[in-house]
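The values are calculated or read from the model by the stated rules, or taken from the named source; none is laboratory data. Everything numeric here is computed off the predicted structure, so don't read it as measured data. So basically every Cβ, Gly included, is an ideal-geometry build from the backbone, and we count neighbours across all protein chains shown.
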Amino acid sequence: MVWLAVLVALMLSGAMALAWRVALTTGQSGRIDAIWALATGLAAVAAAGASQGDPLRRALVCAMAAAWSLRLALALWRRAISGGDDPRYAALKQSWGAAAPRRLFLFLQFQAAASWPLALTAYCAAGAPRPGLDGRDGLAIALFALGRRYIRRIVAAEGGDPWHCPRALRRVRRAPLGGRPDLP
């Protein structure tokens with residue numbers, strides 16, 4: 001397991017170094033997010049595939065991680081190439097001044113480190129020590145499918161722009177026990 005954890009960390013670190021280079025050479029830092037999504041998904045697929053769990057469960061986790069990653073990476077890539085520099089990264093680079101390239105690299109390495117546990121959860125999910133699939137696996141599939149469908153419906157109701165729908169986000173974020181939307 002230690003070798004896998006190191007491999008996942010190196011994959012994520014290398015991908016974010018590549019994202020840094022792409023952002024510097026193209027001037028489109030929005031591509032960073034697309035590269036992150038793809039790298040995190042690939043790391044999750046590698047981790048799930050290396051687990052010792054049931055082969056069907058491993059395949060299921062790999063498929064879910066790959067589907068999430070590819071869908072998100074493609075959406076983010078399309079958004080990034082259609083515009084200029086991402087305003088969030090542009091603001092960071094402006095505030096960092098001349099140190100922006102070095103600080104962006106470090107920022108992205110922290111992002112890689114923060115993604116490491118996310119990718120390794122696929123190992124835990126795929127390696128569940130029980131044979132075959134059961135209700136817990138069915139629940140995971142249902143949440144994966146229905147959650148995405150629910151979010152898409154909310155976004156469509158907000159006018160179809162997933163990047164600018166604060167009412168949709170307030171509907172999704174709920175107080176843990178009270179069930180009332182967060183206040184603006």
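One line per residue, one yes/no per condition, for (1) within 22 Å of residue 35 (Cβ to Cβ); (2) assigned by TED's automatic domain parsing to the domain that holds residue 32:
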| position | (1), (2) |
| --- | --- |
| 59 | no, yes |
| 70 | yes, yes |
| 75 | yes, yes |
| 80 | yes, yes |
| 84 | yes, yes |
| 92 | yes, yes |
| 108 | yes, yes |
| 116 | yes, yes |
| 138 | no, no |
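What helices (runs of 4 or more DSSP H) completely inside region 1-105 contain at least 2 residues that are touching a helix residue (DSSP H, G or I) at 6+ places or on another chain (Cβ under 6 Å) and within 30 Å of residue 134 (Cβ to Cβ)?
2-26, 31-50, 55-81
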Within region 16-30, residues being surrounded by fewer than 21 Cβ atoms within 10 Å (Cβ to Cβ), farther than 14 Å from residue 100 by Cβ and either under 14 Å from the mean Cα position of the chain (by Cα) or of a type in the set (A, V, I, L, M, F, W, C) (or both) number 3
What are the residue pairs meeting all of these: first residue in region 68-80, first residue farther than 13 Å from residue 44 by Cβ, second residue among the aromatic types (Phe, Trp, Tyr) and at pLDDT 90 or above, Cβ atoms under 9 Å, and 6 or more apart or on different chains? 76/36
Test for residue 39: is it touching a residue at least 60 places away in the same chain (Cβ under 8 Å), in contact with a Leu (Cβ under 7 Å, 6 or more places away or on another chain) and not β-branched (Val, Ile, Thr): yes
